[in-house]
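No lab work stands behind these numbers, since they all come straight from the coordinates. These numbers come from a predicted model, not from an experiment. As a convention, Cβ positions derive from the backbone with ideal geometry for all residues, glycine included, and neighbour counts pool all protein chains shown.
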Number of protein chains: 2
Amino acid sequence: MFGGGGGGGRKPLDYEELNENVKKVQYAVRGELYLRASELQKEGKKIIFTNVGNPHALGQKPLTFPRQVVALCQAPFLLDDPNVGLIFPADAIARAKHYLAMAPGGLGAYSDSRGIPGIRKEVAEFIERRDGYPSDPELIYLTDGASKGVMQMLNTIIRNERDGILVPVPQYPLYSAAISLFGGSLVPYYLEEEANWGLDFVNLRQTVASARSKGITVRAMVIINPGNPTGQCLSEGNIKELLKFCFHENLVLLADEVYQQNIYQDERPFISARKVLFDMGPPMSREVQLVSFHTVSKGYWGECGQRGGYFEMTNLPPKTVDEIYKVASIALSPNVPGQIFMGLMVNPPKPGDISYLKFSAESKSILESLRRRARLMTDGFNSCRNVVCNFTEGAMYSFPQIRLPPKAIDAAKRAGKAADVFYCLKLLEATGISTVPGSGFGQKEGVFHLRTTILPAEEDMPAIMTSFKKFNDTFMDQYDGYSRIIQYYITPSVKT
Amino acid sequence: MFGGGGGGGRKPLDYEELNENVKKVQYAVRGELYLRASELQKEGKKIIFTNVGNPHALGQKPLTFPRQVVALCQAPFLLDDPNVGLIFPADAIARAKHYLAMAPGGLGAYSDSRGIPGIRKEVAEFIERRDGYPSDPELIYLTDGASKGVMQMLNTIIRNERDGILVPVPQYPLYSAAISLFGGSLVPYYLEEEANWGLDFVNLRQTVASARSKGITVRAMVIINPGNPTGQCLSEGNIKELLKFCFHENLVLLADEVYQQNIYQDERPFISARKVLFDMGPPMSREVQLVSFHTVSKGYWGECGQRGGYFEMTNLPPKTVDEIYKVASIALSPNVPGQIFMGLMVNPPKPGDISYLKFSAESKSILESLRRRARLMTDGFNSCRNVVCNFTEGAMYSFPQIRLPPKAIDAAKRAGKAADVFYCLKLLEATGISTVPGSGFGQKEGVFHLRTTILPAEEDMPAIMTSFKKFNDTFMDQYDGYSRIIQYYITPSVKT
């Protein structure tokens, strides 16, 4: 009995008594597949963790220059050591002094809750160079990675379960999880796999109308560009149209642009929602409320463990900006080393600097290898029976559709699993490849996918794809009673 | 109009449209006083920031050994440099290798969302040494500082506005702010200033009964030991009694023990709530749900900017522990350098290690100086007219009561300020000392305080206290029409 004497009945932290929103949260990236993979690893099986975009965990080496700078900031007493020049280049030493001068008390002191002013200025300068429009450091808040910023914004927007947030499906489950946690309603809009995961505005308008007819106040729209898990790069035309849509429907646009450095084709370079908005001019450029997110975790840096990020607010009234500052203050400040990584990322070595050539060579080598791996993986999947896959134009994921035969769907049902979870578990057990089932991101009814990162080391990639193909062949032999010709007629959407 | 065409009417991120819980949040530690201090600093005034427990910002030097280890972890390529031994001691090199071996991918990789298993094991071993009872690493989660852990636990507990959390008053405003943000009810229980900020159980029982009679389900109790802002160390007897209280009233105990290293007297050493609970034996030791918090930000480390912390869960059912894991996963992982600081803090150099003597000397010097500063500050305040102050037994704050004369209270009212805010603003303008008014922590009606840290450099302390005394004399001359004898009779509680 609650509120009664001790010992009897339920206690406040018993499962039944928890906040229902906490229980509703789903987070597949570290869900059943990840837990099973961790178990298998403990038992000694070699696991290839492609479930999270975590480049260093799969062998990517950190860029040297930023690590030198942050190491010196961590150990400022080295700056007085006569031997420091033997192991650190002069520009790293100078840059460490530059950041320490901005951070009174160094890395051990809380910064302002919005982040160190000097670094927010460097971010603003980066944005201005990128977009061609000035940016105000007072509207840039540094965060412990982009996820924390997204969570704070959703918490600010969502008032109750009738507040709806438009989220692309397939989506990165941060969004569904945070919307559940803060008690809002996710309003899914489907990306079109046949149109290379582009937006369908007819469908989008219907989605909003239908949500409103059910009493949902649609307040915000999320885009992930380049896409996660889908890997597409939105065109300027697409972004323009969606900004108009946000304007007419009175929606805040939350632009998740954390993969802006990760582009693997030349036809559609990354273009920020903010640039497109400002290009459109008034009234829209003065009216549409936009929050854009970025991070040090992705790009060719991949410094996930450092937890550095920022968000930039466009067209938010000062009173709202103040409220966001106040809430950021509750946890005092984002971690300071992560802030310095952010500063370094937006202000890397320049031509003529001692470290420039090495830094450029390292960066180029990572990006070019990612581009080759994107191609290897897409081609590998498309060579497999009952598997079709759009090319990874950007970000760091491949999201193949797996056409599961009816027998496999039945077998999954008998095992009490979603069909894609069933497939991914079998894949994991057979090969050690740890993926995330498409159901963790959302997909159309009866269509199945998996997400894998393109991050395994390039030299391991051929063996991984061979191992995948072998597993898939065996799986399809076991469950695909129909010939491939018949299969063609019973799946709803087929890429030939 | 909402949900209508663009341009007209309110937009989703206009102030009026925000989540009401966000607007309700108050956070005085970085409130009006801090903002005014920041303005004055921009104008060129020298500000002494004693508003936040931020030791490095006030000149405390970082401990050398942990910084050497983390610097090496940031720059693992140094481990192969033939010159590394010239600037790093061998035990720091060995320790860096130890942590890098635990963290596949190093500092750039997300860890498990609960933190690196090897470091959670080191924390468990520390707890066992401290309490004399084994601790399970699976029940220890690493966090980005203690605040993030507290916020997660409150979010897990609070279901709606009828869920009440008992919070000591005066309190650290993290609690009131997070309870507002998650939409719960703060149920204040007053600490007794006359009893050196101890607990009054008669009052506590009345508080709970009264909250329940108003329909509040009281679900958890917060203690801060050593106290913030009040500086008291709870006795074993007090803790025992409050554990019994939690048992009988079916409350989760949230034990904020972040100041456990900061003890400035010998009569009442720190004793953890967990140790007292286990000393009491069954049924209580198996029944009371307890979550304990710790951090690298406080103690003699003061590594606030690194954002390292942990919480340990006692008597929580496995399903709840899983839910907490799931929600921690949404933001992927706490920052990895902060995790390594946590490992180093619970596993510092041992006698015989190369760095032991230096590490011990640095630690001792900081703690002994804090002890002297606690005394200097308390004595300084108690020598001032209309000021009384309990001794800072622990933590890092002084919380003097300021007996504001009626004329000052009137003047504040005319200025549209709370009386203590009025006093603290005048103090700031006159001296540059940036404090937090007692109203930011809660205080009894008609009683006024301010909180200052004891962190300014020891050599600056006499000048700061002289400057404070001079300001206070002038203030009291201006507003205190009554003689001190009369004042004695009109203030409710007087320490002579």
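Averaging the Cα positions of each part gives two centres, and for segment A:124-172 and segment A:47-73 these lie 24 Å apart.
The trypsin sites (Lys or Arg not before Pro) of segment A:207-272 meeting both criteria, a DSSP state outside H, G, I, E and B (loop) and at most 14 other C-beta atoms within 10 angstrom of the site's C-beta, are A:Lys214.
Treating each Cα of segment B:101-346 as an identical point scatterer and summing with the Debye formula, the log10 of I(q)/I(0) at q = 0.17 Å⁻¹ comes to -1.37. For segment B:17-95, applying the loop criterion from DSSP together with a ceiling of 10 other beta carbons within 10 Å to the trypsin sites (Lys or Arg not before Pro) yields B:Lys46.
Residue by residue, segment B:371-388 carries 3J(HN,Hα) couplings of 4, 5, 5, 4, 5, 4, 6, 4, 4, x, 5, 5, 8, 9, 4, 6, 10, 10 Hz when phi is fed to the Karplus relation 6.51 cos²θ - 1.76 cosθ + 1.60 (θ = phi - 60°); x denotes Gly or Pro. Amide hydrogen proximity for B:Ala331: with H placed 1.01 Å from N in the peptide plane, no residue at 5 or more positions away or on another chain lies under 5 Å.
Across segment B:391-405, rounded Karplus estimates of 3J(HN,Hα) from the backbone phi angles (6.51 cos²θ - 1.76 cosθ + 1.60, θ = phi - 60°) give 5, 6, 6, x, 6, 9, 9, 10, 10, x, 8, 10, 8, 6, x Hz, Gly and Pro being marked x. Distances between equivalent label points of B:Ala415 across the copies, with each point positioned 7 Å along Cα→Cβ, amount to 7.1 nm, shortest listed first. Per residue of A:65-74, other chain Cβ atoms within 10 Å of the residue Cβ number 6 on average. Each of A:Met465, A:Gly442, A:Ile454 was placed along the dipole of segment A:422-476 (beta-carbon charges, centred on the mean Cα), and the one lying farthest toward the positive end is A:Gly442. Pair-distance distribution P(r) for chain A, from all Cα-Cα distances in 20 Å bins starting at 0: 21, 53, 24, 2 percent.
Between segment A:185-200 and segment A:292-367, how many Å separate their Cα centres? About 29 Å separates the Cα centre of segment A:185-200 from the one of segment A:292-367. Remark on segment A:304-439: hydrodynamic radius 19.9 angstrom, per the Kirkwood mean of 1/r across alpha carbon pairs.
For segment A:101-346, DSSP calls about 35 percent of its internal beta bridges antiparallel.
Quote the charge dipole size of the protein assembly as shown about the Cα centre in Debye, to the nearest 20; the model charges only the Cβ of Lys and Arg (+1) and of Asp and Glu (-1).
Numbers: 110 positive and 104 negative charges, 148 e Å.
Computed about the Cα centre, the dipole is about 700 debye.
State the answer as a single residue: which of A:Ser111, B:Leu166, B:Leu428 lies farthest towards the positive end of the charge dipole of the protein assembly as shown, with beta carbon charges of +1 for Lys and Arg and -1 for Asp and Glu, about the Cα centre. Looking along the dipole axis, the top candidate is B:Leu166. For segment A:350-453, applying the loop criterion from DSSP together with a ceiling of 11 other beta carbons within 10 Å to the trypsin sites (Lys or Arg not before Pro) yields no site.
Amide H contacts for B:Val218 (H built 1.01 Å from N in the peptide plane; partners 5 or more residues away or on another chain; cut-off under 5 Å): B:Gly164.
For chain B, which span is the longest to avoid every loop-located (per DSSP) member of GluC sites (Glu not before Pro) having at most 16 other Cβ atoms inside 10 Å? Intermediate results must be reported in sequence, preceding the final value.
Working: sites that count: B:Glu43, B:Glu161, B:Glu267, B:Glu445.
Answer from the scan: B:268-444.
Going 7 Å from Cα along the Cα-Cβ axis for the label, what nanometre distances separate A:Pro104 from the same residue across the other copies? Those label-point separations list as 4.5 nm. Distance from the C-alpha centroid of segment A:246-286 to that of segment A:370-441: 30 Å, rounded to the whole angstrom.
Could you tell me what percent of the DSSP beta bridges with both partners in chain A are antiparallel, to the nearest 5?
On the way: 19 of 40 bridges.
Percentage antiparallel, nearest 5: 50.
Work out the P(r) tail for the protein assembly as shown: percent of alpha carbon pairs separated by more than 56 Å, whole number. Display every interim value, and only then the final one.
Numbers: 61730 of 491536 pairs.
Here the long-distance tail beyond 56 Å is 13 percent of all Cα pairs in the protein assembly as shown.
Given only helices, namely DSSP H runs of n ≥ 4 each adding -39500 (n - 2.57), what is the per-residue ellipticity at 222 nm of the protein assembly as shown, to the nearest 500 deg cm²/dmol? Each step should come with its number before you reach the end.
Values: 38 runs with 433 residues, N = 992.
After summing the helix terms and dividing by residue count, I get -13500 deg cm²/dmol.
Label point of B:Lys350 (7 Å along Cα→beta-carbon): distances to the other copies' equivalent points are 5.2 nm, sorted ascending. Placing R0 at 30 angstrom, the Cβ-Cβ distance between A:Arg371 and A:Gln206 gives a FRET efficiency of 0.25 after rounding to 0.05.
What order do you get for B:Thr156, B:Thr431 when you list them from fewest to most C-beta neighbours inside 10 Å?
Values: B:Thr156 25, B:Thr431 20.
Least to most surrounded, the residues fall as B:Thr431, B:Thr156.
Output the relative contact order of chain A, whole-number percent, from Cα pairs under 8 angstrom with separation of 6+ residues. The normalised contact order for chain A reaches 20 percent.
Most simply put, the protein assembly as shown has about 50% antiparallel DSSP beta bridges, counting only bridges with both residues inside it.
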